[in-house]
Amino acid sequence: MTTRLLTIAGAYQTDCQAVFSDGAAGRYLSFMPRTATIRKETRMSKWIVVPAAIIAALAVIMFLCFRFIGSAHADSGVLQGAGGHKASGHVEIVRSGETVKVVLKDDFTLQDAPAPRLAWGKDGYKRGTIFATLAKFKGAQEYSVPAGTDLSQYNEFWIWCEKFDVPLASAKLK
C-alpha cells in the first residue's frame, strides 16, 4: 500500500492503493481532519477573543461612566417674556465636569432691548448674579458660567435689562 500526503483546504488527503475483500485492487481517497492545525487555530483564537472581549467590556463601562456619572448634565426651561417684553425659546444649563454653560436653543427669540444681561434667580431675579451680556436676540448661542457659581442656590434663569433695571425674560429650571 502506497500513501501520499497532500494538504487541501484544511484536511489531509490520502491517496491509497488497496486490495478489497472481494479481491479487486483499486485506489481510493481518504480525508482526515487536520487536528493539530485546528488546535493551533483554537489557541490562537483564544488570544484574539479574550482581549477583544475585555476591550468591549471596557468600552461599555466607559460609555456608562460618561453617560451617567461624569457626563454632561442639563437643567432646562422655557423662556417667557417678563415686564411686558416678548421672549420665547428653550434654555439649558449644561454641566460637563467643572465646566458649566448656558445654552440658548435655536428657537430662542427676544424682543430688542438695551443692555440685556444673563443672570440667575430663586423665585425671582437675584441682584448681583449677572454673569454675561446677551450677544444676539435670536438663535442658538452659548455662554460660560463663571467657575465657583453655586447653581444649586437658583431655580430660574433670567435675562435682565441692566440699563432700566427691569426683567426681559425668565425660565424656571427643571
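The values are calculated or read from the model by the stated rules, or taken from the named source; none is laboratory data. In this text, all values refer to a predicted model and were calculated from it rather than measured experimentally. Because the Cβ atoms are built from the backbone with ideal geometry, glycine has one as well, and the counts that use them run over all protein chains shown.
Overview of results
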read-out: Subset tally (residues that are acidic (Asp, Glu) and surrounded by 14 or more Cβ atoms within 10 Å (Cβ to Cβ)) for region 117-161; value: 1
read-out: Options 122, 136, 101; residue that is at negative phi, modelled with pLDDT of 95 or more and within 29 Å of the chain's Cα centre (by Cα); value: 101
read-out: Output for region 131-144, where each listed residue is among the aromatic types (Phe, Trp, Tyr) and in a loop (DSSP other than H, G, I, E, B); value: 131, 137
read-out: Hits in region 78-102 (condition: out of contact with any Phe, Trp or Tyr (no Cβ under 8 Å at 6 or more places or on another chain), without any contact (Cβ under 8 Å) to a residue 60 or more places away in the chain and part of a loop (DSSP other than H, G, I, E, B)); value: 84, 86, 97, 98
read-out: Evaluation of residue 75 against (1) at pLDDT below 95; (2) touching a Gly at 6+ places or on another chain (Cβ under 9 Å) (one fails), failing number; value: (2)
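For (1) touching a residue at least 24 places away in the same chain (Cβ under 8 Å); (2) assigned to a strand (DSSP E or B); (3) within 20 Å of residue 94 (Cβ to Cβ); (4) of a type in the set (D, E, K, R), each residue gets a yes or a no:
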site: 114; (1), (2), (3), (4): yes, no, no, no
site: 120; (1), (2), (3), (4): yes, yes, yes, no
site: 129; (1), (2), (3), (4): yes, no, yes, no
site: 146; (1), (2), (3), (4): no, no, yes, no
site: 152; (1), (2), (3), (4): no, no, yes, no
site: 160; (1), (2), (3), (4): yes, yes, no, no
site: 163; (1), (2), (3), (4): yes, no, no, yes
